[in-house]
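The values are calculated or read from the model by the stated rules, or taken from the named source; none is laboratory data. On a predicted model such as this, the values are computed, not experimentally measured, just so you know. Neighbour counts run over all protein chains shown; Cβ positions are idealised from the backbone, glycine included.
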Amino acid sequence: MDGMLACRYEMKYLVTEIEAAQLTRYIRPFLEYDKYSKLQRGGMYPIVSLYLDSQDLQLCRESQQGQKNRFKLRIRSYTDEPEYPRFFEIKRRINRVIMKSRARVMDQDVAALLRGKFLPPQGYTTDEKALTQFQLYVAAVQAGPMILIKYLRQAFESTSENRVRITFDRELFYKVTGDPCVRMGGVGWQHNDLTTGYAILEIKFTGVYPEWLSRLVRYFNLDARSISKFATSMEQSHRLGFCGPAMRSLWNG
């Protein structure tokens, strides 16, 4: 969905909706809606991800602590329709560089694959290596389903060799779950306060940082910060009492 940008630099900002509208006007001469935003009214399409972690929340801890070398495990979908693929993703940070791999799988295979069963991706043989790698990472930390996170994304991108992608994420919701089911419907969703009146702005690029992006950051006085949808949702779920014993032990100990 995001053209992969499998190896990239990434910066995140929290901006008000007024700033988001101004930023959108600024970037339009340089970037176009991506092909999925073009299909939606207002340019926003839904994303839902099931994040995995160990029982002691190793991956969440590393994100909270800002470790330079860390990774996240998630299963992403853009629809609840069962005939569309889900995506097993590893998102790794190595210092300032983001590396991302993903494998397309069928919805009915998600639970079996998480148990370590080998099922070659149907019709997607090029994803087999990424799928095997995902299963190895899961086994290494004994990860399981922890929390569902969904939001609306508005995305812009360039098609030049120096790839640039800018996204605005809004209406962030989460639901604590131990089920290997990736769905954005159903009950039990809680709003993440992080996006109350704000949008999460992400700037991703693969080569040289374009001068027009430097001007944008200076003009709007943007201050890059660490923003983890996973960690902030876990923190809020604990604060509001929606998390299980393993999660409570993280903050109590």
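Laid out as a table, the results:
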read-out	value
Close pairs (7 angstrom Cβ cut-off, 6 or more residues apart or separate chains): without any contact (Cβ under 8 Å) to a residue 24 or more places away in the chain and within 15 Å of residue 227 (Cβ to Cβ) in the stretch 62-83, buried (at least 18 other Cβ atoms within 10 Å of the Cβ) and of a type in the set (Phe, Trp, Tyr) anywhere	none
Long-range neighbours under 6 Å by Cβ, at least six apart or interchain, first residue farther than 16 Å from residue 32 by Cβ within the stretch 161-184, second among the polar types (S, T, N, Q) and crowded, with 17+ Cβ neighbours inside 10 Å	170/195; 172/192; 172/195; 174/192; 174/233; 176/237; 182/77
Selection status of residue 173, of a type outside the set (Ser, Thr, Tyr) and in contact with a His (Cβ under 7 Å, 6 or more places away or on another chain)	yes
Residue in the stretch 213-245 that is modelled with the lowest pLDDT, counting only those that are surrounded by fewer than 14 Cβ atoms within 10 Å (Cβ to Cβ) and not in a loop (DSSP other than H, G, I, E, B)	245
